[in-house]
Amino acid sequence: MVNPKDIARTACPRCRAELDADDEFCRRCGAARPDPAAIEKIVCPRCCAVLDAADNYCRRCGAPTAANVAPAASSRQTNLSPPRAIFAPGGTQGALSESRWAVLLMLFAVLGPLAIPMLWRSSRFSRTWKAVLTVLVLALTVLLVWLLWYVVAMTLEPLGELKELKGF
């Protein structure tokens, strides 16, 4: 016959000793029994089994959980430097976007509206100047597109007249 106390056993969150269903405190260390609704669940990184937060190893496949990773390995991962920007001179990330003249050159001579994210990423311009420069670059872009359309239309107009004269 199965003892009902054996069915509802859980582990102490502090010392991992087994707790009976009617225990409110751990008999070994005196820690309070966790509320079943407050027990965190984690997922095994290998087999995706649902585990308790206090588990060091997966119950299904035996893989170490995130709580069981060595501190040296996790600190190595956090100290990794971010990838260097492609266009950053000297290897420092964002160095080009921190130069006022480089941002202005990109906006008005090289990239036009494609450099607007670079402008907004820069800390060298106030929010007001960023808005003014964005509107100015967009207005200049619209003007240049209209001017290109006008030049193409004026170039094709004599060709249309020539076509009518020859009877095509």
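Please treat every number below as a calculation from the coordinates, not as lab data. Predicted model, so just to flag it, every value in this text is computed and none were measured. As a convention, Cβ positions derive from the backbone with ideal geometry for all residues, glycine included, and neighbour counts pool all protein chains shown.
A few remarks follow.
- Take the Cα of Thr134, step 7 Å toward its Cβ, do the same at Arg121, and the gap between the two points is 1.6 nm.
- For region 93-166, the equivalent ellipsoid derived from the alpha-carbon gyration tensor has semi-axes of 39, 12, 7 Å in decreasing order.
- FRET efficiency, 1/(1 + (r/R0)^6) with R0 45 Å, evaluated for Val152 and Arg33 via beta carbons: 0.05
- Once backbone amide H atoms are built at 1.01 Å from N, Tyr57 has Thr65 as its partners under 5 Å, excluding neighbours fewer than 5 places away on the same chain.
- Each label point was placed 7 Å from the Cα along the Cα-to-Cβ direction; for Leu105 and Leu144 their separation is 1.6 nm.
- A Förster radius of 25 Å, combined with the Cβ-Cβ distance separating Tyr57 from Cys15, puts the computed FRET efficiency at roughly 0.90.
- Taking the fewest neighbouring Cβ atoms within 10 Å as the starting point, the ordered list for Trp146, Trp120 is Trp146, Trp120.
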